[in-house]
Structures are given as C-alpha cells and as structure tokens.
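Peer 1: Sharing a structure with you now.
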Amino acid sequence: MEDEPPSRKVEESGSSKQSQRQQERQGKLPRRHKEVKRSLRRPDCPEHLLGGSVHRLPEQPESEASVSVEDTAESCRKRWDRCRRGHFLHGPYPATHFGPKACVLPNPTSVMHIQDPASQRLTWSKPPLNVLVIRKIRDETLLEPFKELCRFLVEEKHLMVYVEKKVVDDGSLMTDDSFSAIRNQLCTFREGYDDISDRIDLIICLGGDGTLLYASSLFQGSVPPVMAFHLGSLGFLTPFKFESFKTEVDKVFEGNAAIILRSRLKVKVVKGMFQRNEQLFSPQENGIAPHNHINNEAGKITLQLQVLNEVVVDRGPSSYLSNVDLYLDGRLITSVLGDGVIVSTPTGSTAYAAAAGASMIHPNVPAIMVTPICPHSLSFRPIVVPAGVELMITLSPDARNTAWVSFDGRKREEIQHGDSIKITTSCFPVPSICCHDLVYDWFDSLAQCLHWNIRKKQTRLTDASDSSETEN
C-alpha cells in the first residue's frame, strides 16, 4: 500500500483537530487544560480590586505566571466574591479597558502597592524601648497624670522615657520628693538643640490637639507611632481616655492596634525666586500666563518644614487686602484677594479650614484642600486637589502690601515680592494610633468635639388624622 501524500495527512490531521474542538464545545469530550502564559494582573479579572493584593509584573518567570484557563477563571470568580463581601476603604481599582478597543497606555513604572486603610495595623519588629512623653505645659491639672504615666513606664515597663527639659524643670515637679527618683531617670532634650528623631520608638501625648501638632514638628522625617490621651480642651485628635491608660498602653505594646496615617505637607519657602518684571509677559485673556519671571539661580530655600494641619498665608497687620497668586504644577490657577488663603491636609480640614467654611475630609482621603479666608468674591469656594500636585503661592505684582505665612500656627514670617511658598504632600505621615478604628474615631470626634449635625429631634405624628389636618 502506497504512502499517502504529506498534504493529505496534514488535511486529515487538521480536520480531526477541528472536529475535536467542535465536540469539546458541544460537551461530548472533556475539555483539555490548555496551558497559556498570561499575567496574573488582568484587566478583566477582579483580582486587582482587592485591597493590599500583590500585582505581578510581566518580567516574572513563566512558572509563576502560567496558569490554566479554567483555574484562572475560577480563582477570579472566588476573589471577586471575597471582594464584594470584604470591607475596604479604598475604592476599587478602576478598569483600564474602555469598550472593545480602547485602553490606558501600559506603564510598568507606575505600578504602586497601596495597602487599604482598613487593614492598617501596628506591629513591632522589636520591642519598643524608648518612649517620648509630650505634656501640655502651663497646665497644673496634668501634673498628676504625667507623674503616673512616667512612674508606670519607668518602674513597671522598664522603659527609657524622654521628656522636654522645660517640663522636667517645672517648679511643682522639682519640689516633689516622691517623684525625685523617677525624675532622675528621665532623659531630657531641648527643641532646636537636641535631635532625638532616631531614638524614639513611641510617642505618648498628654493634652489637647496642640500636643500632637508639637510632636509632629519634632520629627521632620519618619515619625514614630503616636498615642494621644485626651486631657486638653478640644481633643479632636486625641481619642484615648486617661482613666484606663495602663490597659491602653499595654495593648499598644502588644501590637495589632489600628493606626491612621495622617498625611503631612512638605513646605519650602524660597526667597528671591522671582524677578518683578511685568513687561516680560503680555497679559492673556485666559489668565494662565505668569506675571513674574522665574529666576531659578536666584532662589534660596530659607525654610523647609513638615506640616500636619495647614499653611496659612494672610495679610498680617496691614489693612489692605491680601493679593497672592496661586499656582498648581507651575500653572497660574487664580489670584486670591481677601484676608488670605489656607492650604490644609485632610487632618487640618477640621481646624482653621472648617472655621473658614471648608468641608471636612476624612484623614485617609489623599487630597490637599485650598480654602480662601474671607475672599472678596462671592463665587470663590474651597477646592480639593489631588495629593500629588505641587502648589505655589507668591505675592501678586499688583499687591499693595506683603503677606505673612505660618505653619501649624508657628514659625510666622513675612513674604515679600520675589518670594514663593511651595507646598506638596509629604511622604512622611503621622501614624496616629486609633482607640477603636479609623472610621469610628473620626465620626466620634465630629460628634463629641464639633457637635456635628446636632439638633433637637423632630417629633413624629401621633396618628393619621394629624397628617390629613396638616395637608389641609
């Protein structure tokens, strides 16, 4: 029997494969597990909707990224079910395919791993040894809580306690013989002279919100976890009650406490960055051309700070309106004519910005708020911009007076023509330890401290006849 020509064999093999595929589609034959190479991060797979999930990059080995079609579909379905049942504070990762043919241009360098705020828990790689205690000064009612806390940390927990020198030198503590043994074991420091940023493992604040702001100013880089006890007047940022301080401190030392990362602003004050020369640019109708000429070589950074609440630019002692220009990523957005402008973090949105009419933003929302202070315009409303932009504030060339800037209510200085203030989100947040969780603590502070939406309850109608009488 003669061998069949090769072309016929190919045709028969091709037809047999085609018939086999048809039978598989009809369910007559078990479907084969075809191994395919694909990235685990697929646009049509809801895996990327899970907070804190690990995204594999295309450069991974084939063995890690090779999965079967059925296994991938089944795992995606299970992950999607878990995502719907789970509770995440971050919104879902947006789909990057739009319709059948459009998609976002892939950019591997833009891959970010952001942990969901609901899963942020404090843990210790090593047991904490050094604790910084911040006490509100000029308040005699805090002497006893301060002594109780220091005695507990030194005698029972055997920790090294750091305290500001002016707190230890308080006359009431110096004359207390029962506290002398503890006082001699305290480590003291002076703000602006001694750097303790690399020694502290935990910060404990006794007082109001100002103690937390002061603790933030002591650490211009990485900030240790902060535990704040409510012993001040307002206490919006201090969720813990001092009555059970031993139990609460023990829980924190054990780890697994909920924390909220309060973003800060990185602020630079640059002197002489602009040359006042109004003839270099012709005025434009859309108002986006800068009025001043940038001179990068002349600019000198005179101050650089990390700010927790807000940066306030105001008119100072002058009776004239403040007139400053606001830039966003180098583009002139608007000019502010009024008493000034507030640039705040979400944490600062419940402080000065709230008094100026701004909305209150949860601290886990990545944003920067810009709020005018008594603007001479009925349409100038507060705005919220993305956290990654850079804002710049300068004096307008038409300004009749200088401006003044302050940072969390401190380090106030004058801003003159040619100076600029650059503001963006810092990469060093303040890890604030929560008493319950980051959602409950915030709304509890709104209700207890600011009396948010507090009013007398409306009485209900007694019967149906009352309703008809009201309508008539």
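Conditions (1) small (Gly, Ala, Ser); (2) over 29 Å from the mean Cα position of the chain (by Cα); (3) under 24 Å from Asp437 (Cβ atoms), marked per residue:
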residue	(1), (2), (3)
Arg135	no, no, no
Lys157	no, yes, no
Met160	no, yes, no
Ala181	yes, yes, no
Ile203	no, no, yes
Leu212	no, no, yes
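Peer 1: Can you tell me which residue within the range 427-472, out of those that are small (Gly, Ala, Ser) and at pLDDT 90 or above, is farthest from Ala257 (Cα to Cα)?
Peer 2: Per the criteria, the residue is Ala447.
Peer 1: Which number in (1) over 24 Å from Asp209 (Cα atoms); (2) modelled with pLDDT of 90 or more; (3) buried (at least 18 other Cβ atoms within 10 Å of the Cβ) marks the one condition that Asp329 misses?
Peer 2: (3)
Peer 1: Name the single residue that is nearest to the chain's Cα centre (by Cα) among those in the range 376-397 being open to solvent by 40 Å² or more (accessible area, probe 1.4 Å) and under 20 Å from Gly221 (Cα atoms).
Peer 2: Of everything passing the filter in the range 376-397, Gly388 is nearest to the chain's Cα centre (by Cα).
Peer 1: Identify all residues within the range 398-412 that are assigned to a loop (DSSP other than H, G, I, E, B) and either crowded, with 18+ Cβ neighbours inside 10 Å or over 23 Å from the mean Cα position of the chain (by Cα) (or both); write none if there are none. Please lay out each step first, then the result.
Peer 2: Taking the range 398-412 as the starting set, the residues that turn out to be assigned to a loop (DSSP other than H, G, I, E, B) are 398-402, 408-409.
Passing the criteria: Asp398, Ala399, Arg400, Asn401, Thr402, Asp408.
Peer 1: Same structure, new question: Scan the range 90-110 residue by residue and report those that are at pLDDT below 75, assigned to a loop (DSSP other than H, G, I, E, B), over 29 Å from Cys434 (Cβ atoms) and open to solvent by less than 100 Å² (accessible area, probe 1.4 Å). I'd like the intermediate steps shown before the answer.
Peer 2: Kept after step one, since they are at pLDDT below 75, are these residues of the range 90-110: 90-94, 96, 99, 101, 107-110.
Retained after the next criterion (residues that are assigned to a loop (DSSP other than H, G, I, E, B)): 90-94, 96, 99, 101, 107.
If we keep only those that are over 29 Å from Cys434 (Cβ atoms) as well, we get 96, 99, 101, 107.
Matches in the range 90-110: Thr96, Gly99, Asn107.
Peer 1: Select from the range 173-201 the residues that are farther than 19 Å from Phe219 by Cα and open to solvent by 50 Å² or more (accessible area, probe 1.4 Å) and list them in ascending order.
Peer 2: Pass one, the range 173-201, residues farther than 19 Å from Phe219 by Cα: 173-186.
Matches in the range 173-201: Met174, Thr175, Asp177, Ser178, Ala181, Asn184, Gln185.
Peer 1: Of the conditions (1) outside any strand (DSSP E or B); (2) farther than 16 Å from Asn309 by Cα, Val365 fails just one. Which one is it?
Peer 2: Only one criterion in (1) outside any strand (DSSP E or B); (2) farther than 16 Å from Asn309 by Cα is unmet by Val365, namely (2).
Peer 1: What are the pairs, 6+ residues apart or on separate chains, where a residue within the range 172-197 that is under 24 Å from Glu148 (Cβ atoms) and in the same structural domain as Ala215 (by the TED database) has its Cβ under 8 Å from a residue that is open to solvent by 60 Å² or more (accessible area, probe 1.4 Å) and modelled with pLDDT of 90 or more?
Peer 2: Phe179/Arg151; Ile182/Arg151; Ile182/Glu155; Cys187/Met160; Thr188/Lys165; Phe189/Lys165
Peer 1: Write out, first by first residue and then by second, each pair whose Cβ atoms fall under 7 Å of each other, whose residues are 6+ apart or on separate chains, and whose first residue, in the range 367-386, is more than 15 Å from Leu326 (Cβ to Cβ) while the second is of a type in the set (D, E, K, R).
Peer 2: These pairs meet every condition: Cys374/Asp339.
Peer 1: A further question on this structure: Please enumerate the residues belonging to the range 406-444 that are in contact with a helix residue (DSSP H, G or I) (Cβ under 8 Å, 6 or more places away or on another chain) and polar (S, T, N, Q).
Peer 2: Ser432 - this is the single residue of the range 406-444 that is in contact with a helix residue (DSSP H, G or I) (Cβ under 8 Å, 6 or more places away or on another chain) and polar (S, T, N, Q).
Peer 1: Of the conditions (1) crowded, with 19+ Cβ neighbours inside 10 Å; (2) out of contact with any Pro (no Cβ under 9 Å at 6 or more places or on another chain), Lys166 clears all except one; give me its number.
Peer 2: (1)
The values are calculated or read from the model by the stated rules, or taken from the named source; none is laboratory data. Predicted, not measured: the structure shown is a model, and the values here were computed from it. When we count neighbours, we look across all protein chains shown, and the Cβ atoms used for this are built from the backbone with ideal geometry, even at glycine. For the accessible areas, the whole protein counts, side chains as well, though only heavy atoms, and no ligand, DNA or RNA atoms are used. Shrake-Rupley method; radii C 1.70, N 1.55, O 1.52, S 1.80 Å.
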